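Participant: The following block contains the structure, expressed as structure tokens.
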């Protein structure tokens, strides 16, 4: 991967309601495959991208596959601290997660070369 500033993919769309959350993840993986550093940030309902049971998610099977790819690449999700679900079924795959505050998200946006927001 590049030592340049990362591309930030900020996802707030709820994958239980819209396919846009998966589309954001798919685009982010495309950016990674171009040998770019990528920072994924999940806020609001987007944290459900890490739900253990993907049956309730739109594009759930695809989300599980792409999540697995990101995990294999060692790319963590930065998750807004106030959005982390209390549900024990959340992130049962043990995907790397970095819990961040709104202020830290603002810093990540400022450090990014480009931002993709969904």
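Participant: In nanometres, what is the gap between the two model label sites at residue 97 and residue 27, each 7 Å from Cα along Cα-to-Cβ?
Facilitator: 2.5 nm
Participant: While we're here: Would you list 105, 11 from fewest to most Cβ contacts within 10 Å? Provide the component values of the computation, followed by the final result.
Facilitator: On the way: 105 20, 11 27.
Exposure proxy ranking, most exposed first: 105, 11.
Participant: Express the relative contact order of the chain as a whole percentage, based on alpha carbon pairs under 8 Å and six or more residues apart in sequence. It would help to have the intermediate numbers written out before the result.
Facilitator: Numbers: 212 pairs, mean separation 42.3, N = 118.
Reported as a whole number, the value is 36 percent.
Participant: As an exercise, take the mean of 1/r over every pair of distinct alpha carbons in region 7-117, invert it, and state the Kirkwood radius in angstroms.
Facilitator: Working: mean 1/r = 0.0729 Å⁻¹.
Hydrodynamic radius (Kirkwood, Cα pairs) of region 7-117 is 13.7 Å.
Participant: If you fit an axis through the alpha-carbon atoms of helix 20-33 and take the longest principal axis of the Cα set of the chain, what angle between them do you get, 0 to 90°, nearest 10?
Facilitator: Long axis of 20-33 versus the principal axis of the chain: about 40 degrees.
Laboratory data are not the source of any read-out in this text; all were calculated from the coordinates shown. What you see is a predicted model; the values in this text were computed from it and never measured. Cβ atoms come from the backbone with ideal geometry, glycine included; neighbour counts cover every protein chain shown.
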